[in-house]
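First the structure, in the form of structure tokens, and then the observations on it.
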Amino acid sequence: MGFSSALQSRAAHEALIVRQDAELRLMETMKRSIQLKAKCDKEYAISLAAVAQQGLKIDRADDMQGSLITKSWRSYMDELDQQAKQFKLNAEQLEVICDKLAHLSQDKRKARKSYQEEHSKIAARLNHLTDEVVRKKSEYQKHLEGYKTLRTRFEEHYIKAPGRSGRKLDDVRDKYQKACRKLHLTHNEYVLSITEAIEVEKDFRTVLLPGLLEHQQSVQESFILLWRNILLEAAQHGDLTADKYKEIQKRIDTVIGGINPTEEYAEFTEKHKTSPTTPLQFQFDESLIEDIPGKLTASTLTVDNLTVDWLRTRLTELELAVKECQERQLKVIEHVNGGSPVANGSVISNGSMASNGIQSNKDSQNRQSKDLNALRCQEKQKQKLVDMIKFSLNEVGCEELPSGCDDHLSLEHNFIDHGFNNEQQISLSTNRPLYEEEWFHGVLPREEVVRLLNIDGDFLVRETIRNEESQIVLSVCWNGHKHFIVQTTGDGHFRFEGPPFPSIQELIMHQFHSELPVTVKSGAILRRPVCRECWELSNDDVALLEKIGRGNFGDVYKAKLKSTKQDVAVKTCRMTLPDEQKRKFLQEGRILKQYDHPNIVKLIGICVQKQPIMIVMELVPGGSLLNYLRKNSNGLSTRQQMGMCRDAAAGMRYLESKNCIHRDLAARNCLVDFEHTVKISDFGMSREEEEYIVSDGMKQIPVKWTAPEALNFGKYTSLCDVWSYGILMWEIFSKGDTPYSGMSNSRARERIDTGYRMPTPENTPPEMYRLMLKCWAADVESRPHFDEIYNVVDALILRLENSH
Ligand code: ADP
């Protein structure tokens, strides 16, 4: 149903006008709103661009080089800037739309006006005719009245005087005729006007008004179409799901999606790659105690009557702390194993667990394992202190304490003065000096002492040097190992808890024969003296001849064993070295003692009866391999060089089979005899373990000989020795050159970490260089073991010999 048939009434016409007015007002509202939106969008675009600008100001951008997070962020900010631009463009478009809307409103206003005018025009004619008909009718009625009156008068005159003439009658007749004529004319006009009105009305209703309405409908509808398009345009410019925004969003998503945690730090790590930091060295400043005579020793706890109680309290505290650490570890482990409410999921303590279960589960596992590590470290640290205190307390003995007071000092000095070095006083009261007693073991290291005392009642006497003072200690196996310091009385006698004796030997014999406990508290009884072993030589068993070298701890001499006249080499340990160093010096003897192989330098014995302590070993007449190579560089054949490599490999194969890690294999630490036989020597750093982790700093590391994993993580295995063996081969073939010459230790280390390996020395058989490279494999497990090395070198030598 269209306007033309439905809206013909006056009321409908008025409603149509009202409607158009409403539409015009709506258009105004729209225009204002779109204008406002454009303004908003423009302001937003400006703010957004500022945000993007701000976001791109990345502080210390250089430090973030290669970061995918940074890259994504930059792209994200760039895209925001794009978005801002897009918003600005849209805002400008909206302003254009406002203009269009203004034009539309103007046109619409015109159309409304012309409709109204047209409507009035066609309605005016009908109205006029309607009025005309009414007017004609009233004229008609008026004339009809006049006619009726005049006709009545004429009839009266005529009836009264029929057939008569007269002026009066004529006058009446005349008037009657005029009135009749008037009436007929009016009648006709009335008829005509009605007919016209009927026609006009019919046209108005069926032609003109429907035509106008139809036209108006189409005009209004065409406005609606324009209006709709304008709205559509406005909406489209605000459409955040439009492709252009979608594309921006897609790009943002893609670049953020490209963030990969495992790649994030790749460039950074590459750029800042450094070798692990060298451990911080904490060292006792020995100058502090330079002027203090006697009592205090660097890095050693002082145990005396002044400190023992404090130490014991501290020990208890620390032991408690260790226990607490262990208990806490147990709790964490229980947690991890699901004993805890969090782990079995019945209680979720925070939102993050609920919202991202997998991630936070992993987080919590990581956290727990970190907690565990921290607790383990704490336990280890505290345990170390416990061990140290225990060791010191044990060393002094369960009961006997040296005095920490000065008034005792004189007494102790007295002991030293008249003690070990003053054999005369001892011999005054006994038949032979203490150090000749079979059960006196000199400064035998504690580890050895403990090894020798196996059954309750086993005992020996030894010397310990504490605070540069010599003390005589009775060590007894009794519910573990107990050590008692022999106390000196003011008059130069010796005692434990019982009576004093003029000599240590008498004191010991008294304890042995009386079977009385050394101290009441310990209950330790002496049952069986443990005598020196054959390798525990007396200093007087060797005669030093000439100095042949200089080692870390002291000079090395050529010497003669008095008993067999055998030539030997004797390493001495400087008397002034601290106790700890002396222990280290003897470590070499302790390790060598167990080995017997033609390519390992042989131990003959150690002299610990008195100072200087010495290690006696077979004399290897060619001296150090390094010197030998340098001195004989012209006369060395490839065969001889390969033979040296084979010897070293044989020695190392033997050591590997004994789980001994040498840790300092190098030409300077090999010896060579007249037959060019190479023997591995210098076991000062060796350890008898399959894997040895250095925890106490790495002060004197032969960096250029040491495998990267040992340098970086302190982890030593025989495969580290294999690396060093590769360097040794290189030294042999370069005839004593310095490896990585021209490079500092740290430079060499850096270069090795980045894959550098030394080039082959001149005239090295390619197979031997290949072997070197294998020894220097960064991947520890892909290095050959010494067994394989030996076989390869041996086979090459055979091939070489057969080809000649
Ligand atoms: P340290 O281990 O204290 O550094 P070394 O074992 O390196 O001492 O010995 C120092 C030097 O003494 C060697 O370079 C070598 O010349 C000589 N030397 C050591 N032991 C012997 C030995 N058994 N036979 C011959 N010379 C030796």
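Highest-first packing order for the peptide set 59-66, 26-33 is 26-33, 59-66, based on the mean count of other beta carbon atoms within 10 Å. With 0.36 nm allotted per residue and the present C-alpha distance subtracted, the residue 263-residue 235 stretch has 5.8 nm of extension available. Spin-label model, residue 331 to residue 637: label points 7 Å out along the Cα-to-beta-carbon direction sit 7.5 nm apart.
Bridge orientation summary for the chain: considering DSSP beta bridges with both residues in this region, about 90 percent are antiparallel. Using a cutoff of 8 angstrom between alpha carbon atoms and counting only pairs six or more residues apart, the relative contact order for the stretch 533-619 works out to 32 percent. Relative to the longest principal axis of the Cα atoms of the chain, the long axis of helix 357-396 makes an angle of roughly 20 degrees. Could you name the lysines in cross-link range of residue 160, using Cα to Cα under 28 Å and dropping any fewer than eight places away on the same chain? Counting by Cα, and skipping residues close in sequence, residue 160 has these lysines nearby: 142, 148, 168, 175, 178, 182. Legend: distances between Cα atoms for 565/658; 584/610; 382/582; 31/110; 323/582; 382/602; pairs beyond 28 Å are 565/658; 323/582; 382/602. Note: relative contact order over the chain, using C-alpha pairs below 8 Å and six or more positions apart, is 7 percent. Dipole orientation for the stretch 583-636: of the candidates 625, 606, 635, 606 has the Cα lying most toward the positive pole (charges on Cβ; Lys, Arg +1; Asp, Glu -1). Dipole of the stretch 99-238 computed with +1 at Lys/Arg Cβ and -1 at Asp/Glu Cβ about the Cα centre; of 183, 101, 237, farthest Cα towards the positive end is 183. This model, with +1 at the C-beta of Lys and Arg and -1 at the C-beta of Asp and Glu, gives the chain a dipole about its Cα centre of some 6820 debye.
Using C-alpha pairs under 8 Å with a sequence gap of at least 6, the mean separation divided by the residue count of the stretch 546-682 gives a relative contact order of 22 percent. Between helix 167-203 and the chain there is an angle of about 20 degrees, using the helix long axis and the longest principal axis of the Cα atoms.
Tilt of helix 68-160 relative to the longest C-alpha principal axis of the chain, in degrees (0 to 90, nearest 10)? That helix lies at roughly 10 degrees to the long axis.
Within straight-line reach of residue 271, meaning a Cα separation under 25 Å, sit the following lysines at least 8 residues removed in sequence or on another chain: 57, 71, 704. Taking a straight line from the alpha carbon of residue 37, these lysines sit under 19 Å away, with near neighbours fewer than eight places off in the same chain left out: 85, 88, 100.
Summed over qualifying helices (DSSP H, 4 residues or more, each -39500 (n - 2.57)) and divided by its residue number, the chain shows a 222 nm mean residue ellipticity of -19000 deg cm²/dmol.
Values in this text are rule-based calculations from the coordinates and carry no lab data. In this text the structure is predicted, and so the values were computed from the model without any measurement. So basically every Cβ, Gly included, is an ideal-geometry build from the backbone, and we count neighbours across all protein chains shown.
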